[in-house]
Amino acid sequence: MTDRIKYLLGEDEIPRTWYNLAADLPNPEPLLHPGTGAPIVVDDLTPFIPEVLARQELSREREIEIPEPVRQIYAQWRPSPMFRARRLERALDTPARIYYKYEGGSPAGSHKPNTAIAQAYYNKEAGINRLATETGAGQWGSSLSLAGAMFDIDVQVFMVKVSYHQKPYRRLLMETYGARCVASPSVETEAGRAILAEDPDCSGSLGIATSEAMEVALNDPATNYAGGSVPNHVLLHQSVIGQEAIAQMALADDYPDIVVGCAGGGSNLGGLAFPFLGAKLREGKEVRVIAAEPAACPTLTRGKLAYDFGDTAGISPLLKMHTLGRTFIPPSFHAGGLRYHGMAPLVSDALMNNLIEAEAVKQTACFAAGITFARAEGIVPAPESTHAIEVAIREALRCREEGTPKTILFGLSGHGHFDLSAYEAHLTGALRDEDCDEAEMARALADLPGFPGA
Ligand SMILES: Cc1ncc(COP(=O)(O)O)c(C=O)c1O
């Protein structure tokens, strides 16, 4: 008998509902209207997103049905496999049992299509044929471009300039799917022009690219905005990951002591971990959840918990979240998808309620962990995902020191096939650890919006 490696579910086991952690949290903080400071209502969101998504954004229902056409497209790559990392366990000589849920088998190469498909579906149903969005590393932009191709929707992607130049193949993937990709800040929007007037060499940030995409949606009734990471409805859609993982853990006759996910805006972490947190809150099933974030953009470990804008220009609703300040520009480290100044409010809420922990990790250690993983398991992980691998390996080594055979599950949120130049930088010793710039953080935090109730 060979040792079992993959835990697979059938297509009929793709979840039928999404899971909403907001139903099980004691008191999630509302989104606030930036003008009045009053809690956001559905009508405040409909200039950007269709009414169904606006309702999901504000919902406290525990389960929301997944439309059949969305499940049908999910079946192109879902249920995603869960692997037992036996070769990694042996390489680390650890008594820990390590599992990973692999989202890199989606057509775009990450977890992001789980929400891109759902958002494109609802927009198409609402008669919208144009979507605007931002992207950092290009994973989200590729995923929305894929969804646009599937639902015949024109997609415009504002890609953070530093990534646009570092990752030409991500841009080409978006164009192959039929999208238009623009380096941000761009001259196409007020927000972009204002930033360029101040700093013509600005390398961009997710906050700036988000402002550009939201401005396009706001100024054109035929165009909507689609967010890939932070909004509640995005985390809702990603909950298929954790729900499948719970079923796969049952197949393995095991249950995680520790769940690890990398956190940029929070959707991969939330998607994997929230169904486990729901089981903890409702059924008392103990689990330790760790968010792995980059030391160069340490939102959860060093940010301030406050109301702030999701974008740099201040177009979005105000979100109660851990933030480094909406004008914060992190150093140009390679995990472009983790360069966001804020965090999903539901993830921030979970941290505030001690339901999760957060650890900041340095990029050279993450790439080293990614290489250890690739050489043991064969999959080259996305730079973002290496943050989760680094934390999972640390925990596995602690198990070795303490002689405790814990069960560790981590999210392998994407593959790194478009990121080999970053691996090259690591392999040739050119990669440096850039610390978070204290002065930059203090400057950006001094700029938090002041308003009644903030
Ligand atoms: C592979 C991968 N993992 C994780 C992330 C981080 O985003 P989030 O925190 O929304 O999952 C990204 C973002 O682009 C990504 O591409």
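General observations
- Members of the range 24-54 found to be in contact (Cβ under 8 Å) with a residue 60 or more places away in the chain and in a helix (DSSP H, G or I), listed by number: Asp44, Leu45, Glu51, Val52, Leu53
- When Ile73 is tested against (1) out of contact with any Phe, Trp or Tyr (no Cβ under 7 Å at 6 or more places or on another chain); (2) more than 21 Å from Ile128 (Cβ to Cβ), exactly one condition is not met: (2).
- Restricting attention to the range 369-404, the residues being away from the ligand (no atom under 16 Å from the Cβ), farther than 16 Å from Leu420 by Cα and not charged (D, E, K, R) number 7.
- Number of residues in the range 1-19 that are out of contact with any strand residue (DSSP E or B) (no Cβ under 6 Å at 6 or more places or on another chain) and surrounded by 14 or more Cβ atoms within 10 Å (Cβ to Cβ) equals 5.
- Every residue from the range 130-157 that is of a type outside the set (Phe, Trp, Tyr) and within 13 Å of the ligand (Cβ to nearest atom): Thr133, Glu134, Thr135, Gly136, Ala137, Gly138, Gln139, Gly141, Ser142, Ser143, Leu144, Val157
- Considering the range 107-129, and only residues there that are in contact with a Pro (Cβ under 7 Å, 6 or more places away or on another chain) and farther than 18 Å from Glu51 by Cβ, the residue that is nearest to the ligand (Cβ to nearest atom) turns out to be Pro113.
- Lone unmet requirement of (1) in a helix (DSSP H, G or I); (2) modelled with pLDDT of 95 or more; (3) within 16 Å of the ligand (Cβ to nearest atom); (4) aliphatic (A, V, I, L, M) for Val162: (2)
- Candidate set from the range 70-106 (those that are more than 16 Å from the ligand (Cβ to nearest atom) and among the polar types (S, T, N, Q)); member that is surrounded by the most Cβ atoms within 10 Å (Cβ to Cβ): Thr94
- When the range 291-301 is filtered for residues that are more than 15 Å from the chain's Cα centre (by Cα) and modelled with pLDDT under 95, the ones remaining, listed by number, are Ala295, Ala296.
- Here is the figure for the range 196-229: residues that are at pLDDT 95 or above, farther than 14 Å from Gln156 by Cβ and hydrophobic (A, V, I, L, M, F, W, C) total 2.
- Candidate set from the range 309-332 (those that are within 13 Å of the ligand (Cβ to nearest atom) and in contact with a Pro (Cβ under 8 Å, 6 or more places away or on another chain)); member that is nearest to Glu215 (Cα to Cα): Gly310
- Residue match in the range 421-433 (condition: of a type in the set (A, V, I, L, M) and under 30 Å from Pro28 (Cβ atoms)): no
- Restricting the first member to the range 58-79 and to residues that are among the hydroxyl-bearing types (Ser, Thr, Tyr), and the second to residues that are crowded, with 16+ Cβ neighbours inside 10 Å and not in a helix (DSSP H, G or I), the beta-carbon pairs closer than 9 Å and six or more apart or on different chains are Ser59/Asn20; Tyr74/Ile14; Tyr74/Pro15; Tyr74/Ile66.
The values are calculated or read from the model by the stated rules, or taken from the named source; none is laboratory data. Given the structure is predicted, the values throughout are model-derived calculations rather than measurements. Cβ: placed from backbone, ideal geometry, glycine included. Neighbour counts: every protein chain shown.
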